[in-house]
Amino acid sequence: MSPTGAPGVPGPRGDGFRQAPAFPEAASRALRDTQLRANLRRATGTIRDKRDRVMAELGDLEQLRDAAAAIKDESLSRLGELLSQVEERVGAAGGRVHYAATSAEARAIVVDLVSRTGSTDVVKVKSMTTAEIELNEALAAAGVEVVETDLAELIVQLGDDLPSHIVVPALHRNRAEVREIFVRRMGERGLAAPAGLGDDPAELAAAARAHLRRRFLDAKVAISGANFVVAESGSVVVVESEGNGRMCLTLPHTLISVAGIDKVVPRFRDLEVFLQLLARSATGERMSPYTSVWTGATPGNGPSEFHLVLVDNGRTRALADPIGRQALRCIRCAACLNVCPVYERVGGRAYGSVYPGPIGAVLTPQLDGVASGRVEATLPFASTLCGACAEVCPVRIDIPRLLVHLRGRAVDEHRGAHPEPVAMVAAAYTMSSPRRFGRAVKLGGLVGKVLGRGRALAGLPGPAGRWASGRDLPQVGAQSFRDWWASERGGRSGTAPLPVAEPLQRGRGAGGPDGARTASGAVQLRQALAWLRPTMQQRAPGVARQVVLEGRDGVMGAISSALVSAPFVPVEVPRHYTHDAGAVAGELLALFVERVAEYRATARVVGGGDVGAAVAEALERTGSRRVIVPSDLPEAWLPPRATATAPAAVQRPPNGGVVFEVVVDDPGLGATELDGFDAAVSGCAVAIAATGTVVLDSGPAQGRRALSLVPDHLVLVVRQDQLVGGVPEAVARLVPTAAQTWVSGPSATSDIELQRVEGVHGPRVLDVLVLVGSGPGH
Amino acid sequence: MRVALFVACFNDLAFPATGRATVEVLERLGHEVVFPSAQTCCGQMHLNTGYRREALALARHFARVFTPFEAIVTPSASCAGTVVHSYADLVQDAGDAGLSSELAGLAGRVFELSQFLVDVLGVTDLGAEFPHRVAYHPTCHSLRALQVYRQPLELLRHVRGLHLVDLPGEEQCCGFGGTFSVKNPGVSMAMMADKLAAVQRSGAEVVCAVDNSCLAHIGGGADRLSAGVRVMHLAEVLASGAGGPVRAPGVARAAPGPLVHRGQPRP
């Protein structure tokens, strides 16, 4: 019997975070980890600088952010309808949609789907949602071996560790630690690390490539998350860097994608906004190396069996809160982590939640319920409210406002006879009356005199002791400002306008006229108690619990009741961002070549008659000999004196020299056979100058997705008329349901000390040839 | 102009010199300063710690005390930010439409001191003299809630003898964060340690800001460590030196134009 049906703690406290201490304790511990502090300082600083550089290029950044926020709000306001659309489109495309109201349901669904395949091995793409639902533990308990294939996730998995960042989970490890983990653990789980492995990130990435290669080629089942789910087409989008994602999304027979219901966007066109913002916000790149888009099952061009598991797990609880639900706009870019001064000091694990940093502090308490535990109750307070997060959020989540809002809910849940609420209410009581405040200021002056700089308080329990643990108190003098004013300017004070005795409204009307000079001590005491009473006795009513049924009905019911109780004000999506980069052709070309080269790919402009020679040169440069091409690749794009043939034909140029074996792809070739080729040559659908991206859509001259993935060297040919200025123009040219791969440079990783290494699981070498003019190449 | 001083409770008790300096600066420019003595606290601490009911009562009190005045000036950017921005959310959530419109009218008339001097009065030179090396720390609420940054720098650049130095990583929070400083004292002090290190790298002798709360935190740490750095509110720097009466052109007699916030609205 699968243990996954057992109810677990719902919510984003997945993996090893269950036993996490509350933030203040965990943070104090993290502060003492000097290696962690050094890594965090360097890493966050590096990503911040990169992000600032690429954002500065976007003249329409604010318009893109406006659109992104509005699209996400529109999606949430139409959530039920959009999910139904997804279900219908995915179904029509041969896939299947499953709904999970809780993490337990989601685990049960996925474990069942995997067990039906008969496979006990699963390759997995990094996914926050699967971490949130604690999927790996459930699969392990069901006897399934799960291999995390993202380099950072692999480091975390092999090290029996917890992730510390959304985008770069192994941020807390340095290269020496990674090397040690690889040497010690890789052998237990497959191919061991090579003897004499050094700690250069490129060498470590190569070890990961070798360790996982066989797994990818043999995998029958893969599990992924999703960055976006497009309602109108049923397309799923995954953005990644290393090519491990593409391996999982295209090679196995069965693909199971797990997505939060918040990942849906209405239109394919909406991707033109998010794909411009996501990578720039997340890693400071113009575009991540690979964006995969597919719709349903794609037999012959990817998995024959496709399941999309849509997970609620607290999202509808957040949706019912008209203020807090802004957090559901989140696209998991982690820009807020990288600018957060608190995160920079303590790292992600101190947050005790799969979602760390500022977004975790507002998301986790909402998904779990703010009253569900110490972690959830303390997370909203894990911020100085400095506002740096809101400045960078690409979907304009007002995180400081949400933090304050959730603090309010946390306080209301925990009001009672505790020192803090009593002190806070007493302070408000004092400050609500000028006379009481005046007396308190006088008293404060006296206390200040006695305490001096407060060093004696250090070590005492309570806030005063915590302040004094590292800071002196300000030198409080005997004369307050108001005393000075009264003595210096007594005659011309501006007090007149206040009606002195007007009673102050106290929420529930408990207070009496508190300014009256005649109030006796007893009356004052009664008034003070009246202020305190609600604090001592009342607890704010908890948020009404959704009655969650199972599966689809449960999720849909929760969505509609959330939207009925807290409807959205409908807004038109403002699309004032640039739609047509509009540069003249020559400039576009130069920009494209420059941007491609910045990914450390090779870009060349060639005349129509020279393309074959240029392909040959590119192949020669890397020593690529065995070349695979799609069946409809134009003859002129082949190396001179080579004609594509069926497998095993060898072409020898008459003068000797280079030998190319050019083979036309055949659906019968498996992943292992494809891995036997050195290179692939392919055309494309469209290319984007602003981001240096080439988009393949499995159309003419491209063949299936695996061709541009498995061989280690990829040569892409772009016709000049396929080149557009920006992302929106490219999106307009694409058919949403076509299986797409957006390629921006060779596969790459920055997972080890944020040092960029070109080449992990996808092609390590990328050549882009832009075909200009006319000639046989066209 | 008749200007109502909202001194902020914290300054009233612990930093009266800042209040006196604010009065001095405004009077030097020929304005009449009044101190509505019924004022207490804007409720920022309560609001930001989650005590919304209590904050609401203090917001109500603030509105009652200050509604009669045309211009309300405070030497506390975070308190100004609370009134100008946070009250709107607080009152909206509480569903008090009356108070909401009252505060909306008030918000446009509340100014942080440097904002009032530079943006409203058009003054940048107050005749001050302060011959020291000074680093300006843009506090988070001044920088991000009020977009107050160039105003204090402009004022400091016109102070005689003052050598303004660049503060590395100036936009990084000092770690105070109100009750954060006692709820998470370790993280708070780690941030302060980095801020102090930046100040020391800058070669400054004085850290200047428009929020005494942040300065109490930075200065409290500097004093504990005998770091050789002191903190000082902008108002006190501006009130320093002989500085005879300085009048901005056109301000002394004529009533100024309508008071408007020139900072950008909050995103």
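The values are calculated or read from the model by the stated rules, or taken from the named source; none is laboratory data. Quick caveat, the model's predicted, so the values are computed rather than measured. No Cβ is skipped: glycine too gets one built from the backbone with ideal geometry, and neighbour counts run over all protein chains shown.
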For segment B:1-25: of the residues being hydrophobic (A, V, I, L, M, F, W, C) and under 13 Å from the mean Cα position of the chain (by Cα), which is nearest to residue B:179 (Cα to Cα)? B:10
By residue number, the members of segment A:110-134 that are in a helix (DSSP H, G or I), in contact with a strand residue (DSSP E or B) (Cβ under 7 Å, 6 or more places away or on another chain) and surrounded by 21 or more Cβ atoms within 10 Å (Cβ to Cβ) are A:110, A:114, A:129, A:130
Which count do you get for residues in segment A:337-366 that are under 20 Å from residue A:283 (Cα atoms) and outside any helix (DSSP H, G or I)? 5
Somewhere in segment A:345-359, is a residue surrounded by fewer than 24 Cβ atoms within 10 Å (Cβ to Cβ), closer than 30 Å to residue A:255 by Cβ, out of contact with any strand residue (DSSP E or B) (no Cβ under 9 Å at 6 or more places or on another chain) and more than 11 Å from chain B (Cβ to nearest Cβ)? no
Conditions (1) closer than 30 Å to residue A:95 by Cα; (2) of a type in the set (S, T, N, Q); (3) assigned to a loop (DSSP other than H, G, I, E, B) -> residue A:291 fails only (3)
Can you tell me which residue among A:767, A:751 is buried (at least 24 other Cβ atoms within 10 Å of the Cβ), in contact with a Ser or Thr (Cβ under 7 Å, 6 or more places away or on another chain) and of a type in the set (Asp, Glu)? A:767
Residue satisfying all of: in segment B:125-143; in a loop (DSSP other than H, G, I, E, B) and touching a Lys or Arg at 6+ places or on another chain (Cβ under 8 Å); surrounded by the fewest Cβ atoms within 10 Å (Cβ to Cβ) among these: B:131
Give the residue that is surrounded by the fewest Cβ atoms within 10 Å (Cβ to Cβ), with candidates limited to residues of segment B:44-70 that are in contact (Cβ under 8 Å) with a residue 24 or more places away in the chain and in contact with a His (Cβ under 8 Å, 6 or more places away or on another chain). B:52
Quick check on my filter: what residues within segment B:157-208 are surrounded by 24 or more Cβ atoms within 10 Å (Cβ to Cβ), of a type outside the set (A, V, I, L, M, F, W, C) and in a loop (DSSP other than H, G, I, E, B)? B:175, B:177, B:184
Could you please tell me which pairs satisfy a Cβ distance under 7 Å, a separation of 6+ or placement on different chains, a first residue in segment B:197-210 that is under 17 Å from residue B:161 (Cβ atoms), and a second residue that is of a type outside the set (D, E, K, R) and in a helix (DSSP H, G or I)? B:208/B:156; B:208/B:234; B:208/B:237
Tell me which residues, restricted to segment A:231-268, are assigned to a helix (DSSP H, G or I), polar (S, T, N, Q) and touching a Phe, Trp or Tyr at 6+ places or on another chain (Cβ under 8 Å). A:244
When (1) within 13 Å of chain A (Cβ to nearest Cβ); (2) under 15 Å from the mean Cα position of the chain (by Cα) are applied to residue B:197, the one that fails is (2)
Options B:18, B:22; residue that is surrounded by 24 or more Cβ atoms within 10 Å (Cβ to Cβ), more than 9 Å from chain A (Cβ to nearest Cβ) and either polar (S, T, N, Q) or in a strand (DSSP E or B) (or both): B:22
Helices (runs of 4 or more DSSP H) fully within segment A:375-432 counting 3 or more residues that are more than 8 Å from chain B (Cβ to nearest Cβ): A:399-413, A:419-431
Hey, residue A:468 without any contact (Cβ under 8 Å) to a residue 12 or more places away in the chain and either touching a helix residue (DSSP H, G or I) at 6+ places or on another chain (Cβ under 8 Å) or more than 23 Å from residue B:38 (Cβ to Cβ) (or both) or not: no
Right, residue B:40: within 7 Å of chain A (Cβ to nearest Cβ) and more than 18 Å from the chain's Cα centre (by Cα) or not? no
What residue, among those in segment A:135-156 that are touching a residue at least 60 places away in the same chain (Cβ under 8 Å) and outside any helix (DSSP H, G or I), is nearest to the chain's Cα centre (by Cα)? A:150
Here are some residues: A:60, A:73. Which one is farther than 25 Å from residue B:169 by Cα and within 19 Å of the chain's Cα centre (by Cα)? A:73
Please work out if residue A:40 is assigned to a helix (DSSP H, G or I), at pLDDT 90 or above and within 26 Å of residue A:324 (Cα to Cα). no
Does segment B:68-77 contain any residue that is within 26 Å of residue B:241 (Cβ to Cβ), more than 14 Å from chain A (Cβ to nearest Cβ) and not in a loop (DSSP other than H, G, I, E, B)? no
State which residue pairs qualify: first residue more than 9 Å from every other protein chain (Cβ to nearest Cβ) and without any contact (Cβ under 8 Å) to a residue 40 or more places away in the chain and inside segment B:214-227, second residue among the hydroxyl-bearing types (Ser, Thr, Tyr) and surrounded by 19 or more Cβ atoms within 10 Å (Cβ to Cβ) in any location, beta carbons under 7 Å apart, and separation of 6 or more residues or different chains. none
Can you go through A:97, A:90, A:168, A:178 and tell me which one is in contact (Cβ under 8 Å) with a residue 24 or more places away in the chain and surrounded by fewer than 24 Cβ atoms within 10 Å (Cβ to Cβ)? A:97
Determine if segment B:165-181 includes at least one residue that is more than 23 Å from the chain's Cα centre (by Cα), facing chain A (nearest Cβ under 10 Å) and not basic (Lys, Arg). no
Residue satisfying all of: in segment B:71-103; surrounded by fewer than 22 Cβ atoms within 10 Å (Cβ to Cβ) and closer than 20 Å to residue B:36 by Cβ; nearest to the chain's Cα centre (by Cα) among these: B:71
